[in-house]
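Peer 1: My questions all concern the structure below.
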Amino acid sequence: MPFSIAIIAQDEEDRLTRCLESVTFAEEVLVVDSGSNDNTVDIARSFGCRVLFEPWRGYAKQKQFAVDNCQNEWVLILDADERIPADTKHTIMEIIAHPEQEIAAYSFNRKNFFHNRWIRYCGWWPDRIVRLVDRRRGRFSDHLVHESWISDDPVKELDISIEHYSFRNYSDLIHKLETYSSLAAQEMLSNGKRAGPLAPLSHGSWMFLRTFILELGVLEGFDGFIISVLNAGGSFMKYAKLRETIVYGTSRTDLPYGEKE
């Protein structure tokens, strides 16, 4: 049974090649570009990908656009900074060759790498995520951050992994802090959430304690400490921005395409 791979991308020339090298087994690879200023599109075309251009809609809507425009019913959803290991490829091919009729989607463990090292702690593992889907039997949630595929039919957990190279450096972590905290504050506001003057400090402090101590970030050395600090900063700023909007009426409506989760 043929299947497609859907990838959203913008300015990913340094990571897209490794992603595409890992998915040459698919009948169709669709890359949806939201306005790259580098060689992302040229790289995609050099691998024979079908390329569509779509202005940035937000994480969930952009991925839904990609899935909706695939030519096959079964779709493997990837980010440009993800890769499919050989054992995962073989499992996917077996599933596609012998599909289970009652299953509407499959979830994978995701190995998150930073500085070319698998981060096992800080809450980064296990990171289970639904990626192989029957696009007729589900859709992406409407969340502005941490979007996920939802289906009313069974989703099967697979004991195989996707590799994720999301952050190039500490600056990327800070960029995600800024982007995601703004989106999260916007979503909380739309859901009627409120934040008192102590909320940023209490939530930020708890996030550092949880990441560095309870989730054993301390075992990841200096990188674990930085991840814990920036997780805390993201939580702090999420509630600070929510309170800022409530008290001063400011908001962010011009958020650019940011680093993926």
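Peer 1: From (1) at pLDDT below 95; (2) closer than 14 Å to TRP124 by Cβ; (3) basic (Lys, Arg), pick out the condition that doesn't hold for ARG210.
Peer 2: (1)
Peer 1: Let me ask another. Quick one: ALA185 ticks every box in (1) among the small types (Gly, Ala, Ser); (2) assigned to a strand (DSSP E or B); (3) surrounded by 20 or more Cβ atoms within 10 Å (Cβ to Cβ) except a single one, so which number is it?
Peer 2: ALA185 satisfies every listed condition except (2).
Peer 1: Could you list all residues from segment 33-58 that are over 17 Å from GLN71 (Cβ atoms), of a type in the set (Asp, Glu) and either part of a strand (DSSP E or B) or in contact with a helix residue (DSSP H, G or I) (Cβ under 9 Å, 6 or more places away or on another chain) (or both)?
Peer 2: ASP33
Peer 1: Any idea which of HIS98, HIS90 is farther than 18 Å from ARG131 by Cβ, of a type outside the set (A, V, I, L, M, F, W, C) and not assigned by TED's automatic domain parsing to the domain that holds ASP223? Can you show your working first?
Peer 2: Details: HIS90 fails: farther than 18 Å from ARG131 by Cβ.
The match here is HIS98.
Peer 1: Where residues in segment 33-57 are surrounded by 14 or more Cβ atoms within 10 Å (Cβ to Cβ) and among the acidic types (Asp, Glu), which of them is nearest to SER166 (Cα to Cα)?
Peer 2: Looking at the filtered set, the residue picked out is ASP33.
Peer 1: Looking only at segment 2-32, which residues are surrounded by fewer than 20 Cβ atoms within 10 Å (Cβ to Cβ) and in a strand (DSSP E or B)?
Peer 2: GLU28
Residue-by-condition table, conditions (1) modelled with pLDDT under 95; (2) within 18 Å of LEU20 (Cα to Cα):
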site	(1), (2)
ALA86	no, yes
LYS89	no, yes
ILE96	yes, no
ILE103	no, no
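Peer 1: On to the next question. Being more than 19 Å from the chain's Cα centre (by Cα) and in a loop (DSSP other than H, G, I, E, B) is the filter here, so list the residues in segment 71-88 that pass it. Show your work before the answer.
Peer 2: We begin by selecting, within segment 71-88, every residue more than 19 Å from the chain's Cα centre (by Cα); these are 71-74, 86-87.
Scanning segment 71-88 gives GLN71, ASN72, GLU73.
Peer 1: Cβ-Cβ under 9 Å, sequence separation 6+ or interchain: first residue in segment 23-44 and outside the structural domain of GLU73 (by TED's automatic domain parsing), partner assigned to a strand (DSSP E or B) and buried (at least 22 other Cβ atoms within 10 Å of the Cβ). Which pairs?
Peer 2: No pair meets every condition.
The values are calculated or read from the model by the stated rules, or taken from the named source; none is laboratory data. Model, not experiment: these values are computed from the prediction. Here Cβ is always computed from backbone atoms with ideal geometry, including for glycine, and neighbour counts include all displayed protein chains.
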